[in-house]
Amino acid sequence: MRGEVSFDAASRALATMDASNYRRVPLGVVAPRDADDVAAALAVCRARSVPVVPRGGGTSIAGQATGVGVVLDFTRHMREIVALDPEARTAVVQPGVVLDDLRAAAGAHGLTFGPDPSTHSRCTLGGMIGNNSCGSHSVAWGTT
């Protein structure tokens, strides 16, 4: 694995909470650098029956970004906008991309990403997909 793997108390403590009232101490934290790192971490966790908690900005208010397994922190390395196609109105992103970064890139082409959660400056697309994030304009612009 090229990314960081941390099982020390400090790293685990930092991933214990999100924006909710829930607190769960994870077994460890992995910051994958790429899809190969993710596959390697998942293989180890699967072989040992360890739960996996994919994590973005930790802005969840319902505890989804906490767990007792291995946290995969996508915000350190996997935050690239891989492709943006204004004609097709599509984007390919890594899970750690912050919503505001995608909006800025899309905005240069007169586009945006519809869901508008209040944590737009911190929430990541991976977390938004996991939570089906929306926002105050979800009726008009849709959910993730």
- For strands (runs of 3 or more DSSP E) lying entirely in segment 1-111, having 1 or more residues that are open to solvent by 40 Å² or more (accessible area, probe 1.4 Å) and at pLDDT 95 or above picks out 4-6, 52-55, 81-85, 90-93
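Output the number of residues of segment 47-94 satisfying the condition of being charged (D, E, K, R) and in contact with a Gly (Cβ under 6 Å, 6 or more places away or on another chain). Before you say what the answer is, go through the steps one by one.
First pass over segment 47-94, keeping only residues charged (D, E, K, R): 48, 55, 73, 76, 79-80, 85, 87, 89.
Pick out the ones that are also in contact with a Gly (Cβ under 6 Å, 6 or more places away or on another chain) and you get 79.
So the count comes out to 1.
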- Query: Within segment 121-137, restricting attention to residues that are modelled with pLDDT of 90 or more and in a loop (DSSP other than H, G, I, E, B), which residue is most open to solvent (accessible area, probe 1.4 Å)?
  - Reply: Arg122
- What are the residues in segment 23-37 that are aliphatic (A, V, I, L, M), within 22 Å of Ala10 (Cα to Cα) and out of contact with any Leu (no Cβ under 6 Å at 6 or more places or on another chain), if any? Val25, Leu27, Val29, Ala31
- Query: Here are some conditions: (1) at positive phi; (2) touching an Asp or Glu at 6+ places or on another chain (Cβ under 6 Å); (3) of a type in the set (Gly, Ala, Ser). Gly63 meets all but one. Which one does it not meet?
  - Reply: (2)
- If the Cβ limit is 7 Å and pairs must be 6+ apart or interchain, which residue in segment 21-36 that is without any contact (Cβ under 8 Å) to a residue 60 or more places away in the chain pairs with which residue that is aromatic (Phe, Trp, Tyr) and surrounded by fewer than 16 Cβ atoms within 10 Å (Cβ to Cβ)? Gly28/Phe7
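For the structure I just gave you, tell me whether Phe113 is aromatic (Phe, Trp, Tyr) and under 23 Å from Ser11 (Cα atoms).
Numbers: aromatic (Phe, Trp, Tyr): yes; under 23 Å from Ser11 (Cα atoms): no.
No; evaluated as a whole, the condition is false for this residue.
The values are calculated or read from the model by the stated rules, or taken from the named source; none is laboratory data. Remember, predicted model here, so these are calculated numbers, not experimental data. All Cβ positions, glycine included, derive from the backbone under ideal geometry; neighbour counts span all protein chains shown. Please note that ligands, DNA and RNA were not included when accessible areas were found on the heavy atoms of the full protein model with its side chains. Shrake-Rupley method; radii C 1.70, N 1.55, O 1.52, S 1.80 Å.
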